[in-house]
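Notes follow once the structure below has been shown.
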Amino acid sequence: MEDKKLQERAQEAIKHFGLSGELGAPKPWGNGHINDTFLVEGETRYILQRMNKNIFTKPLELMENITGVTSFLRDKIQKAGGDVMRETLTVIPAEDGSSVYQDDQGDFWRLYYMIEDAVSYDRVEKEQDFYESALAFGNFQQLLSDYPAESLHETIPGFHDTKARFQVFCQAVEQDVCGRAKDVQEEIRFCKEREEVASALGELLASGKLPLRVTHNDTKLNNIMMDKDTGKGICVIDLDTVMPGLAVHDFGDAIRFGASTAAEDEQDLSKVSCDLHLFELYTKGFLEGCGGKLTEMEIAMLPMGAKVMTFECGMRFLTDYLQGDTYFKIHREGHNLDRCRTQFKLVADMEKKWQEMEQIVKDCAGVFTK
Ligand code: ADP
Ligand code: GN1
Ligand code: MG
């Protein structure tokens, strides 16, 4: 019922973008956890999104970031002789010229051209795809290395401030608004035992040992479109969180999702581990994609980026579970708890494989700088 109503609202929203020709009814699309995404088919295909207003409280500032970044990328793609319709998102303005349409319920809708002949994966199916995604995410960072960072709004303040997120988690345990804490004591203990993980990277940033760069901050495999014929990562999407951040976070977030042997919400934890072969492939691709721009400290901290991002994500899922599932979309009871458990299983597995992970990074960096 809820979904039906939303679809009807999507159908209303699309009328406000001044598109010509006949359009099919918007169809729910993709597996994002944050926005409501629809495919709209006409002579051309479009992606219509209702932006999550609880999470993105300043949608116009967010769209300013996205139009700024995509115009900047479009320029570079054009100069390099690339295909601007496929290698970057294109925002289609609403009929009043604004980057969004606001409906009568106060929701903001935006429209993009669909990236054609491309797919996004929820799991690594062919290992080469993971390598290609690493090249593309690394390259994305390189392309934005001269973007005026000061012009970017912080769309979610403290997005990867893991230490602050740890405090929020502790409050959620204390407040226990849904009475769920008693059933997740093991997960709470796991998280609390690792308080130092939460501050590891923040301290290096604060002391100037890690540089602030323009980063994507949400480098899940399904946030990149891969060419369906060549398998190349052609377009980085989901630009809501492009902000100044740490390169090792972008690396780490991709590992936590793509180098896992199981889905993010797998219930059988015996299937969940960090695949070191995939870790190695991604490391190679990312270093190459960044084009030698990473500092020695950044390279040394890649394994830590993977552990911190996985820990942070598990902690965010657990916090959301404790707070009554108000942030991430869920599709079943206990979904956020299942997701938290896979992340914590991965953290524990990375801890066991720590030396090997460090060795892999050293070997890859050596080959790359030779
Ligand atoms: P969320 O923030 O909810 O994750 P995304 O912007 O990542 O939303 O979109 C969800 C999914 O929709 C993506 O994983 C991708 O499969 C698809 N998608 C989004 N934008 C486009 C686009 N311009 N072209 C093709 N597919 C897209
Ligand atoms: C969300 O938007 P999406 O589904 O690509 C989240 C990420 C989490 C991820 C976990 C804005 O990503 O931070 O790592 O879920 N995005 C936001 O799957 O919070
Ligand atoms: Mg997404």
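Miscellaneous remarks
- Unmet criterion (only one of (1) touching a strand residue (DSSP E or B) at 6+ places or on another chain (Cβ under 6 Å); (2) surrounded by 21 or more Cβ atoms within 10 Å (Cβ to Cβ); (3) of a type in the set (A, V, I, L, M, F, W, C)) for Leu212: (2)
- Complete set of residues in segment 218-237 that are farther than 12 Å from Leu135 by Cα, in a strand (DSSP E or B) and within 15 Å of ligand 2 (Cβ to nearest atom): Met225
- Test: Cys191 is open to solvent by 60 Å² or more (accessible area, probe 1.4 Å) and touching a Leu at 6+ places or on another chain (Cβ under 7 Å): no
- Some residue of segment 249-258 being open to solvent by less than 30 Å² (accessible area, probe 1.4 Å), more than 13 Å from ligand 1 (Cβ to nearest atom), in a strand (DSSP E or B) and at pLDDT 95 or above: no
- Meets criteria (at negative phi, touching a helix residue (DSSP H, G or I) at 6+ places or on another chain (Cβ under 8 Å) and not in a loop (DSSP other than H, G, I, E, B)) for Val214: yes
- Close pairs (9 angstrom Cβ cut-off, 6 or more residues apart or separate chains): among the aliphatic types (A, V, I, L, M) in segment 139-168, open to solvent by 40 Å² or more (accessible area, probe 1.4 Å) and part of a helix (DSSP H, G or I) anywhere: Leu143/Phe72; Leu143/Lys76; Leu144/Phe72; Leu152/Glu64; Ala164/Gly202
- Scanning segment 38-56 for residues being within 16 Å of ligand 2 (Cβ to nearest atom), under 18 Å from His16 (Cβ atoms) and open to solvent by 30 Å² or more (accessible area, probe 1.4 Å) gives a total of 2.
- Just one of (1) of a type in the set (A, V, I, L, M); (2) touching a His at 6+ places or on another chain (Cβ under 9 Å); (3) away from ligand 1 (no atom under 13 Å from the Cβ) fails for Leu62. It is (3).
- Scan of segment 36-52 for residues that are within 23 Å of the chain's Cα centre (by Cα) and part of a strand (DSSP E or B), ordered by number: Asp36, Thr37, Phe38, Leu39, Tyr46, Ile47, Leu48, Gln49, Arg50
- Taken over segment 14-35, the criterion of being among the aliphatic types (A, V, I, L, M) and part of a helix (DSSP H, G or I) is satisfied by Ile14 alone.
- Among all residues of segment 21-32, there is at least one that is under 14 Å from Tyr113 (Cβ atoms) and within 16 Å of ligand 2 (Cβ to nearest atom).
- Applying the criterion of being more than 16 Å from the chain's Cα centre (by Cα) and within 16 Å of ligand 2 (Cβ to nearest atom) to the residues of segment 120-165, the residue that is least open to solvent (accessible area, probe 1.4 Å) is Leu152.
- Looking across segment 268-306, not a single residue is open to solvent by 50 Å² or more (accessible area, probe 1.4 Å) and within 16 Å of ligand 2 (Cβ to nearest atom).
- Candidate set from segment 57-72 (those that are open to solvent by 10 Å² or more (accessible area, probe 1.4 Å) and either in contact (Cβ under 8 Å) with a residue 60 or more places away in the chain or assigned to a loop (DSSP other than H, G, I, E, B) (or both)); member that is farthest from ligand 2 (Cβ to nearest atom): Phe72
The values are calculated or read from the model by the stated rules, or taken from the named source; none is laboratory data. Just so it is clear, the structure is predicted and the values come from calculations on it, not from any experiment. FYI the Cβ positions are ideal-geometry reconstructions off the backbone, even for glycines, and counts take in every protein chain you see. Keep in mind that these areas ignore ligands, DNA and RNA; they rest on the heavy atoms of the full protein, side chains included. Shrake-Rupley method; radii C 1.70, N 1.55, O 1.52, S 1.80 Å.
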